Amino acid sequence: MTTRVLPATPENIALAADVLRGGGLVAFPTETVYGLGANALDPAAVARIFAAKERPATDPLIVHLSDADRLHQVARAVSPLDRALVETFWPGPLTLVLPKQPQVPAQVTAGLDTVAVRVPDHPVALALLAAAAVPVAAPSANRFGRTSPTTAQHVWHDLHDRIDLILDGGPTPVGVESTVVDASVSPVRILRPGGIPAEMVEAVVGPVTVVESRFGDEEGLPSPGLLKTHYAPQAELVFCQGPGARRALLVELETALQAGRRVGVLALDEDAAVLEQAGAVVYRLGDDLKSVARHLYAGMRWLDAQGVDLILARDVGGSGLGLAIRDRLTRAATRVVTTA
Ligand code: AMP
Ligand code: MG
């Protein structure tokens with residue numbers, strides 16, 4: 001199959017909606033990352049997502065809607081707490097786990113009786129979802145386990161000739177995936193930190209617990225699909241944490257360079273000059289959390305394209321978007337260095 005890449009004009013969005021309604025696969029920009037969409041109510045179309053991504057059938061998909069008014073199409077019950085989250089954060093990077101309607105195929109939810117749902121905050125995604133007029137199941141548009149795509153070129157790199165169409169709407173603004181929330185338990189649980197910080201969820205529902213990924217820990221995860229070595233670049237990635245993280249990163253760099261390795265760093269702007277001087281291939285993430293989140297995956301892909309053997313990154317703290325950034329780096333890491 002030849003994959004077409006088209007700019008996200010109104011005409012091409014209408015065409016993409018037809019492809020979705022016809023059972024095809026369309027990659028499209030959301031505010032978080034590019035999604036790989038299929039009609040969520042068509043089991044054959046949903047099966048094609050898993051095949052294209054090589055995603056295990058045990059990893060459930062997020063269903064995207066054009067409007068919260070369509071929730072009843074996929075969710076059976078919406079509690080007052082869920083409703084408050086919907087009203088505060090939709091459209092936006094927050095996914096709710098809700099009891100599913102029987103018409104949602106088991107493929108979408110990996111056999112669970114709950115479904116993950118959100119309304120994305122991106123003009124192209126919203127126009128496409130409105131024109132398709134069906135719920136759209138859309139995981140990130142990358143090969144399973146790899147770095148999520150934040151540009152149409154990233155999608156092309158991973159999925160060309162496996163999907164029908166890529167709508168190019170430019171780089172995605174948030175850059176990390178949605179926050180996945182289960183508000184059916186007390187306290188409310190964040191199953192995956194993401195684009196909406198935990199503090200903002202707490203402002204609506206009170207204190208929450210966060211399922212934090214621990215390095216090397218694959219057992220007993222409460223949300224299917226929360227596997228280790230997700231979001232991973234091709235190169236080995238070492239993630240330095242704790243108060244001595246900056247120093248530890250420099251030591252890792254020195255050691256690897258001495259061993260003759262080509263080393264890339266996902267660097268904060270404030271560290272960039274020193275790292276370049278030391279001989280690293282530097283990708284600048286910016287200086288604030290928003291910028292780091294936005295550029296994180298593009299940086300991993302760029303460093304891979306430079307042919308580095310090793311990628312180094314340091315922790316940016318666990319508040320605000322920092323928690324999602326830490327989660328992704330932990331899961332992308334082949335090794336974590338924790339400093340005291
Ligand atoms: P992705 O679409 O690749 O961003 O991944 C979606 C993630 O959402 C999955 O890997 C799960 O971690 C989570 N998820 C989806 N559906 C459910 C569900 N019904 N219950 C709990 N977590 C879910
Ligand atoms: Mg994904």
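Just so you know, all these numbers are worked out from the coordinates, no wet-lab data involved. Only a predicted model underlies this, so the values are computations on that prediction, with no experimental measurement involved. A quick note on method: Cβ atoms are made from the backbone with ideal geometry, for glycine too, and the neighbour counts reach across all protein chains shown.
Starting from the Cα gyration tensor of segment 69-137, take the square roots of the eigenvalues, sort them a ≥ b ≥ c, and report rounded, prolate or oblate (rounded when a/c is under 1.5, otherwise prolate if a/b is larger than b/c, else oblate). Oblate is the answer for segment 69-137, as a/c is 1.5 or above yet b/c matches or exceeds a/b. Summing charges over all other residues whose Cβ lies under 9 Å from the Cβ of GLU177, with Lys and Arg as +1 and Asp and Glu as -1, gives +2.
Between the residues GLN103, PRO10, LEU65, the greatest Cα displacement towards the positive end of the dipole of the chain, with unit charges on the Cβ of Lys, Arg, Asp and Glu, is found for GLN103.
About its Cα centre, what dipole magnitude does segment 1-127 give when the only charges are +1 on Lys and Arg Cβ and -1 on Asp and Glu Cβ, stated in debye to the nearest 20? Don't jump to the answer; show the numbers that get you there.
On the way: 10 positive and 12 negative charges, 55 e Å.
Result for segment 1-127 is approximately 260 debye, rounded to the nearest 20.
For segment 81-149, the residue among PRO91, GLY145, VAL124 whose Cα projects farthest onto the positive side of the dipole built from Cβ charges is GLY145.
Among ALA75, ALA259, ALA267, which one shows the highest mean-square fluctuation when the chain is modelled as a Gaussian network with alpha-carbon springs under 10 Å? Maximum fluctuation in the GNM of the chain, among the listed residues, is at ALA259. Comparing ASN12, ASN39, ASN142 in a Gaussian network model of the chain (Cα springs below 10 Å), the most mobile by mean-square fluctuation is ASN12. Can you tell me the relative contact order of the chain? Whole percent, Cα pairs under 8 Å, sequence separation 6 or more. 20 percent.
Basic side chains Lys and Arg get +1 at the Cβ, acidic Asp and Glu get -1 at the Cβ, and with that the dipole of the chain about its Cα centre reaches some 460 debye. Mean residue ellipticity, 222 nm, helices only, the chain: the sum of -39500 (n - 2.57) across DSSP H runs of n ≥ 4, divided by residue count and rounded to 500, is -10000 deg cm²/dmol.
For the chain, compute the orientation-averaged projected area of the C-alpha convex hull (one quarter of its surface), in nm². Could you put the intermediate results ahead of the total?
Working: hull surface 65.3 nm².
It is 16.3 nm².
GNM remark for the chain: springs join alpha carbons under 10 Å apart, and the peak mean-square fluctuation among GLY318, GLY35, GLY195 falls on GLY318. Spin-label model, GLU87 to VAL251: label points 7 Å out along the Cα-to-beta-carbon direction sit 5.3 nm apart.
For segment 232-323, the Cβ-based charge dipole about the Cα centre amounts to some 140 debye (Lys, Arg positive; Asp, Glu negative; other atoms uncharged). Projecting the Cα atoms of GLY37, ILE190, LEU268 onto the dipole axis of the chain, where Lys and Arg carry +1 and Asp and Glu carry -1 at the beta carbon, places GLY37 farthest toward the positive end. On full extension, the segment bounded by GLN103 and GLN153 gains 14.6 nm, given 0.36 nm per residue less the C-alpha separation.
Look at where the Cα atoms of segment 263-334 and of segment 157-186 average out, and the two centres are 20 Å apart. With coordinates expressed along the principal axes, the C-alpha atoms belonging to segment 273-340 extend over 31, 25, 22 Å, beginning with the largest.
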